[in-house]
Amino acid sequence: MRRGQPRHLPPPLPLTEREHAVARLIAKGKRTRDIADVLGVSLSTVDTHRANLGRKLRTNTPAQLLIALLKEGLVKIPGLKGGGA
């Protein structure tokens, strides 16, 4: 592959229902503790879901994760162009 050319990666792995729930809460700006409270799970469980989301969407940072979630249409942010509730 030549430098500067986009890499063609396979589509992301499918997300579980719980990963979708965590993704929606991340998009709403919720912190790990808030997500754990809302879902009734431990902080380490939320961390595991965040790590799985990052792995499945091939991201390394929270910002990259949010961008990937938006690009894949997995979450929408109200007020953004094309965003909905």
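We did not get these values from a lab; they are worked out from the coordinates using the rules stated. Model, not experiment: these values are computed from the prediction. Don't worry about glycine lacking a Cβ; one is built from the backbone with ideal geometry, like all the others, and counts go over all protein chains shown.
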At q = 0.21, 0.25, 0.26, 0.32 1/Å the base-10 log of I(q)/I(0) from the Debye formula over the alpha-carbon atoms of the range 17-71 is -0.68, -0.97, -1.05, -1.47
Gain in span if fully extended, Asp47 to Glu72, counting 0.36 nm per residue against the direct Cα distance
6.9 nm
What's the local net charge at Ile26, with K and R +1, D and E -1, over the other residues with C-beta under 11 Å away?
+3
